[in-house]
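Read the structure below first, then the notes.
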Amino acid sequence: MIRVRVPGDKSLTQRALILAGLADGESRLTGLLSSADPRSTAGAVAALGAEMPALPHDGSEIRVTGRGLRGWTSPSSYLDLGNSGTGSRLLLGALAGCDLTAVVTGDASLRSRPMRRITDPVGAMGARFDFIEREGRLPIRVTGGRLRSVDLDLPVASAQVKSALLLAGLTGGVPVQLTEPGRSRDHTERMFEALGATVLRHVRDEGVRVELRDPPDRIPPLDLRVPADPSSATFLLLAALLGVSRGVEIPDVGLNPTRTGGFDLFERMGARMSREVESEQGGEPTGTVVAEPSSLRAIEVVRADVVRAIDELPAVAVAAARAEGVTSIRGAEELRHKETDRIRAMVDNLRAIGVVCEEYPDGLSVEGTDAPLKGTVDARDDHRIAMVFGVLAAQAGNDITVQGRECVDVSFPEFWELLRRIAS
């Protein structure tokens, strides 16, 4: 059994950076992920007026001086979020309630991703969004200011949409009510509550009701340690399940139940895994996760499973390639709107190395095999695609080349080094 640590949670890191930039006073943050996406978000928050040091590679403490909920100012240049979908979408919400004008942009991949899922509901609050080049895509000029309260039924459960609306309510000082058809990640709600901004949640027949009824006039500085990212941990756990490693033990992993759907799916496949909550950090349960080589079996993944495991589904598909039987993943059309079309990318790459699979509008099916897998796969500038096929390439008997493997830097710069370490 090899004990390894994975980097800080990307979702929590970016939320912490944005809220620290909006806080009154000096926030103390440790365990932050220092990768391309958080660095882009940190740069944008600094351009809006916060005092933001460089993110340390070792997760050591930094101190961020925020400008307050009404203190951000119009930046002198475009806010370039690189490849960060989370950073760009959350900032579109936060900027909506600020008395300023800013242009949010990103790299070619991010500029191709849909943004109306954010601009339509936040625009209903009164913010103005102008698409500079392509309809519904970055770059987008945000003209923020006076907002009005909204009560919305969201068509899909999305933590990014929900968080953008809550941040707009916070900076704009107006109540926000929304209903999601399912339970999405609740990091923003937990972090708001830790800062004194009460968010109410109710489970109803029509979905999950989320309410920011009385947004505060100010939020205090954060004192937060970010736990390890469960999505990043998933790739090393997958390596253990497939026998690349004799077993891994990963401490301080975030075990928020809205983020552990991928672990649940592995366990349904017969994975020899254990996890135990040992502490709480900033409202987030954390603990140690252990995985060992396992004989896996096919499962059916349905829409109700998807929202809690959306980022882990590529790993589930690769596990399915080494499981007994045919695994079906449906209700996952959201995968087509990530860094790449992950459904198409998984199907094309699995077929390229000899795995039988089928593509559907909302998912895929994968037939497991124990035959050696050979061929070349294309990461398509998607960090999660690169990592799952990197794990498969490390499995004994396979001969797989991963093209574009450097894209893992957006979330897990240490991945290739740690994979070599646990496989040694």
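The values are calculated or read from the model by the stated rules, or taken from the named source; none is laboratory data. Keep in mind that this is a model prediction, so the values were computed, not measured. When we count neighbours, we look across all protein chains shown, and the Cβ atoms used for this are built from the backbone with ideal geometry, even at glycine.
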*What residue, of Arg272, Arg259, is closer than 23 Å to Ser184 by Cα and either touching a residue at least 60 places away in the same chain (Cβ under 8 Å) or touching a strand residue (DSSP E or B) at 6+ places or on another chain (Cβ under 9 Å) (or both)?*
Arg259
*Search result, residues across the stretch 392-419 that are in a loop (DSSP other than H, G, I, E, B) and in contact with a strand residue (DSSP E or B) (Cβ under 8 Å, 6 or more places away or on another chain)*: Asn398, Gly404
*Return a yes/no flag: does the stretch 96-103 have any residue that is in a helix (DSSP H, G or I) and in contact with a Ser or Thr (Cβ under 9 Å, 6 or more places away or on another chain).*
yes
*Residues that are within 19 Å of the chain's Cα centre (by Cα) and in a strand (DSSP E or B), drawn from the stretch 1-28*: Gly8
*Mind listing just one residue for me: the one in the stretch 245-293 that is among the hydroxyl-bearing types (Ser, Thr, Tyr) and under 25 Å from Phe192 (Cβ atoms) and, of those, surrounded by the fewest Cβ atoms within 10 Å (Cβ to Cβ)?*
Ser279
*For residues that are touching a strand residue (DSSP E or B) at 6+ places or on another chain (Cβ under 6 Å) and either β-branched (Val, Ile, Thr) or outside the structural domain of Arg146 (by TED's automatic domain parsing) (or both), scanning just the stretch 57-83, find the one that is farthest from Leu166 (Cα to Cα).*
Ile62
*asked:* Among the residues in the stretch 165-174, are any free of Cβ contacts under 8 Å to residues at least 60 places away in the same chain and in contact with a strand residue (DSSP E or B) (Cβ under 8 Å, 6 or more places away or on another chain)?
replied: no
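Select from the stretch 282-291 the residues that are touching a helix residue (DSSP H, G or I) at 6+ places or on another chain (Cβ under 8 Å) and touching a residue at least 60 places away in the same chain (Cβ under 8 Å) and list them in ascending order.
Those that are touching a helix residue (DSSP H, G or I) at 6+ places or on another chain (Cβ under 8 Å) and touching a residue at least 60 places away in the same chain (Cβ under 8 Å): Gly282, Gly283, Glu284.
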*In this structure, is Leu237 modelled with pLDDT of 95 or more, crowded, with 24+ Cβ neighbours inside 10 Å and not assigned by TED's automatic domain parsing to the domain that holds Glu300?*
no
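Residue-by-condition table, conditions (1) more than 11 Å from Val318 (Cα to Cα); (2) in a strand (DSSP E or B); (3) touching a strand residue (DSSP E or B) at 6+ places or on another chain (Cβ under 6 Å):
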position	(1), (2), (3)
Ala345	yes, no, no
Val355	no, no, no
Glu358	yes, yes, yes
Leu364	yes, yes, yes
Ala371	yes, no, no
Thr376	yes, yes, yes
Ile385	no, no, no
*asked:* Within the stretch 66-79, does at least one residue satisfy the condition of being part of a strand (DSSP E or B) and either touching a residue at least 60 places away in the same chain (Cβ under 8 Å) or of a type in the set (S, T, N, Q) (or both)?
replied: yes
*Please state which one of Arg137, Arg113 is within 22 Å of Gly43 (Cα to Cα), basic (Lys, Arg), in contact (Cβ under 8 Å) with a residue 60 or more places away in the chain and in the same structural domain as Leu69 (by TED's automatic domain parsing).*
Arg113
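Looking at the stretch 23-32, is at least one residue assigned by TED's automatic domain parsing to the domain that holds Gly68, under 14 Å from Ala94 (Cα atoms) and not acidic (Asp, Glu)? Quick ask: steps written out before the conclusion?
Step one: list which residues in the stretch 23-32 are assigned by TED's automatic domain parsing to the domain that holds Gly68, which gives 23-32.
Remaining after also requiring under 14 Å from Ala94 (Cα atoms): 23.
From the residues that got through so far, the ones that are not acidic (Asp, Glu) too are 23.
Yes, there is a match, as at least one residue in the stretch 23-32 is assigned by TED's automatic domain parsing to the domain that holds Gly68, under 14 Å from Ala94 (Cα atoms) and not acidic (Asp, Glu).
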*Kindly indicate whether Ala20 is surrounded by fewer than 24 Cβ atoms within 10 Å (Cβ to Cβ), of a type in the set (A, V, I, L, M) and under 18 Å from Gly97 (Cα atoms).*
no
*Note down all Cβ pairs under 8 Å where the first residue falls in the stretch 233-244 and is free of Cβ contacts under 8 Å to residues at least 60 places away in the same chain, the second is hydroxyl-bearing (Ser, Thr, Tyr) and crowded, with 24+ Cβ neighbours inside 10 Å, and they're at least six residues apart or on different chains.*
none
